[in-house]
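Every read-out reported here was derived from the displayed coordinates using simple, explicitly stated rules and does not represent laboratory data. Given the structure is predicted, the values throughout are model-derived calculations rather than measurements.
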Amino acid sequence: MARRPRGLTGQGGEGNPSLPTAIRLTAPHGFIDPVHDKGVFHWEAGEVVTKPVTIALLIERGAFWEPVECPAA
């Protein structure tokens with residue numbers, strides 16, 4: 001399982017009504033963080049993301065995604 005970014009914030013983040021509440025990646029996406037030296041991050045195609053900061057980061061970094069209904073808690 002991939003490590004998740006910590007301390008990295010994309011534009012928007014929590015409380016941004018323009019961001020979807022959940023997304024599904026339609027293609028694998030990953031990157032190496034050279035700025036914050038936090039490591040290598042990778043998400044598989046089909047993975048559902050619900051954390052607002054991670055959604056903002058993925059959208060900002062050009063991941064291919066589609067909105068989905070937020071899964072029940």
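Here are the numbers:
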item	result
Convex hull volume per residue for the range 23-67, taking Cα atoms only, in Å³	67 Å³
Added length on full extension, which subtracts the Cα-Cα distance from 0.36 nm per residue, Glu60 to Val40	5.5 nm
